[in-house]
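Notes follow the structure.
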Amino acid sequence: MKQILFNMTPSQLEAFVTEIGQPKFRAKQISEWLMRGAPNFSVMKNLPESLRHDLDERAQTLPVNIVKKLESRDGETTKFLLELYDGEQIECVLMRTSYGNSVCVSSQAGCAMGCKFCASTLLGLKRNLSTNEIFSQILVAQWELRSDKFDKHQIHPNGDANNGDVSHIVVMGTGEPLQNTENVIGFIERANHEMGIGWRHITVSTCGIVPGIHDLIKWGRPINLAISLHAPTDELRSQIMPINNKYKLSDVLTAANEFTNAHNRQLMIEYILLGHKNENGETELYNATIEYAEKLADLLHGKNCMVNLIPWNAVDERDFASPSGNAVHRFQDILIQRGIHTRIRRERGTDIGSACGQLRLNNAKKINDQR
């Protein structure tokens with residue numbers, strides 16, 4: 001197996017280059033390329049061609065390799081399917097927005113949470129990602145952004161806000177971040193210190209691992225916290241999110257509010273709006289009824305929070321359906337009328353399957369079909 005240079009300490013990298021007959025200063029040159037997200041050695045033009053060839057024979061740059069890259073028709077979203085050293089695959093998504101460039105990273109290969117509407121959990125949990133494996137997803141996106149300047153996104157529809165650097169991070173991809181808290185925290189610390197991404201531009205999303213939220217409180221950094229709620233009652237939430245059988249809504253919200261109050265931050269509530277097919281094949285509302293909108297408003301009354309409504313992104317293996325636009329707006333209107341700050345998440349990359357786990361799942365199915 002090739003050595004992964006990004007995983008080496010500075011002294012280890014120096015030892016590696018001297019062992020292959022190169023002066024120590026080459027280690028610094030290589031390190032600079034690694035921090036730019038260089039996908040291979042051929043791009044390292046300040047290294048001799050013979051060294052680049054030698055490095056290619058012996059090593060790889062990052063702990064992830066791009067298996068597939070998909071771009072939305074509007075040019076605003078790029079989704080990467082990445083392979084790890086052991087063959088496991090993960091996803092990350094780059095979103096070019098009006099406020100900057102946001103990257104959604106995965107924290108695990110697979111997911112053990114078992115949410116009934118999600119693609120990420122269908123293949124089960126394989127393992128946690130290391131700090132370097134999470135961090136390298138940002139570097140993949142950073143390389144793509146800097147390549148944009150010399151490619152088709154040179155003049156981007158979002159204008160000046162798209163300046164070629166990652167500005168926002170959401171740990172909201174495949175996996176449950178608070179089942180891998182130590183490595184997620186290590187990644188965030190590095191993103192802040194080494195890339196200058198502010199704490200308040202970093203969001204961690206959890207389905208409600210209460211001990212993990214307490215770990216974030218002890219850590220003490222003023223990042224943003226998002227709770228994947230998706231139901232306003234324990235009965236309904238337990239039907240679609242098994243984790244609710246362990247950590248009830250009241251416990252999750254109590255811990256979440258303790259975190260946000262400590263940092264004077266607004267809590268983000270993620271709420272996927274679901275429909276389902278009845279016996280006649282017609283779509284009925286599941287968790288997006290007027291009744292549930294009112295219950296959600298009651299649950300969140302008086303809390304410093306913002307509800308992010310997410311129309312469900314269809315997954316073939318799931319029995320749910322996307323609600324109509326009218327149903328989505330009616331749900332939002334009820335929350336707003338009851339004093340709950342609410343917005344509807346703009347759908348991005350639906351033409352490339354940008355929902356968590358879709359690309360990884362589809363690739364796994366394709367491989368199985370070929371066997």
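The values are calculated or read from the model by the stated rules, or taken from the named source; none is laboratory data. Owing to the predicted nature of the structure, the values given are computational and were not obtained by experimental measurement. Cβ placement follows ideal geometry from the backbone for every residue including glycine, while neighbour counts extend to all protein chains displayed. Ligands, DNA and RNA are excluded from the accessible area calculation, which covers all protein heavy atoms including side chains. Shrake-Rupley method; radii C 1.70, N 1.55, O 1.52, S 1.80 Å.
In nm, to one decimal, how far is the Thr18 label point from the Ile290 one, both placed 7 Å along Cα→Cβ? Those two pseudo-labels are separated by 7.7 nm.
The distance between label points at Asp165 and Ser250 comes to 4.7 nm (points 7 Å beyond Cα on the Cα→Cβ vector). In this label model, Ile66 and Asp316 are separated by 2.6 nm, measuring between points 7 Å along each Cα→Cβ vector.
Ignoring everything except DSSP H segments at least 4 long, calculate the 222 nm mean residue ellipticity for the chain; use -39,500 (n - 2.57) per segment, divide by total residues, nearest 500.
Roughly -11500 deg cm²/dmol at 222 nm, from the helical runs in the chain.
Computed from the Cβ-Cβ distance with R0 of 30 Å, the FRET efficiency linking Arg200 to Thr9 stands at 0.50. To put it simply, the accessible area of the stretch 1-109 at a 1.4 Å probe is 48 percent carbon and sulfur. By a 1.4 Å probe calculation restricted to protein chains, Phe117 has an accessible surface near 20 Å², given to the nearest 10.
Relative to the current alpha-carbon distance between Tyr99 and Glu235, full extension at 0.36 nm per residue lengthens the span by 45.2 nm. Shape annotation for the stretch 1-154: C-alpha extents along the principal axes are 55, 38, 23 Å, from largest to smallest.
Counting only DSSP beta bridges with both residues in the chain, the antiparallel share comes to about 50 percent. Extension gain, Asp74 to Met35: 0.36 nm times the residue separation minus the Cα-Cα distance gives 11.2 nm. The simple Förster model, with R0 at 41 Å and r as the Cβ-Cβ distance, assigns Tyr85 and Asp333 a FRET efficiency of 0.25.
Separation of the stretch 267-296 from the stretch 103-148 is 27 Å, based on Cα centroids. Between Lys2 and Asn304, the FRET efficiency from the beta-carbon distance, with R0 = 51 Å, is close to 0.55. Mean-square fluctuations from a GNM of the chain, with a 10 angstrom spring cutoff on Cα atoms, peak among Ser11, Ser322, Ser238 at Ser11. Legend: residues Ile272, Ile227, sorted from most to least accessible area (1.4 Å probe; ligands, DNA and RNA excluded), read Ile272, Ile227.
Taking Pro323, Pro23, Pro211 as the candidate residues, the one with maximal mean-square fluctuation in a Gaussian network model of the chain, Cα springs under 10 Å, is Pro23.
Listed by chain and number, the aspartates and glutamates whose C-alpha is less than 12 Å from the C-alpha of Lys68, apart from same-chain residues fewer than 8 away, are Glu83, Glu91. With coordinates expressed along the principal axes, the C-alpha atoms belonging to the stretch 151-295 extend over 52, 43, 25 Å, beginning with the largest. Within the P(r) computed for the chain, what percentage of the Cα pairs occupies the region above 40 Å? Cα-Cα pairs in the chain separated by more than 40 Å: 16 percent. Considering only Phe320, Leu178, Ile202, and ranking their Cα positions along the charge dipole of the chain that arises from unit charges at the beta-carbon of Lys, Arg, Asp and Glu, the one farthest toward the positive end is Ile202. Estimated at the nearest 10 Å², the accessible area of Ser102 is 10 Å² with a 1.4 Å probe. Here is the link list: Lys45/Lys79; Lys126/Lys218; Lys218/Lys248. Which ones come out longer than 23 Å on Cα distance? In this structure, Lys45/Lys79; Lys126/Lys218 lie more than 23 Å apart at Cα.
Ignoring ligands, DNA and RNA, please state the percent of accessible area on the stretch 156-269 from carbon and sulfur, probe 1.4 Å. Result for the stretch 156-269: 45 percent of the exposed heavy-atom area is carbon or sulfur.
Please give the net charge around Glu258, taking every other residue with its beta carbon less than 14 angstrom from that of Glu258, where Lys and Arg add +1 and Asp and Glu add -1. Cβ neighbours under 14 Å give a net charge of +1. Heavy-atom accessible surface of the chain, averaged per residue, reaches 45 Å², computed with a 1.4 Å probe. Summing +1 for each Lys or Arg and -1 for each Asp or Glu among the other residues whose beta-carbon sits under 13 angstrom from that of Leu139 gives -2.
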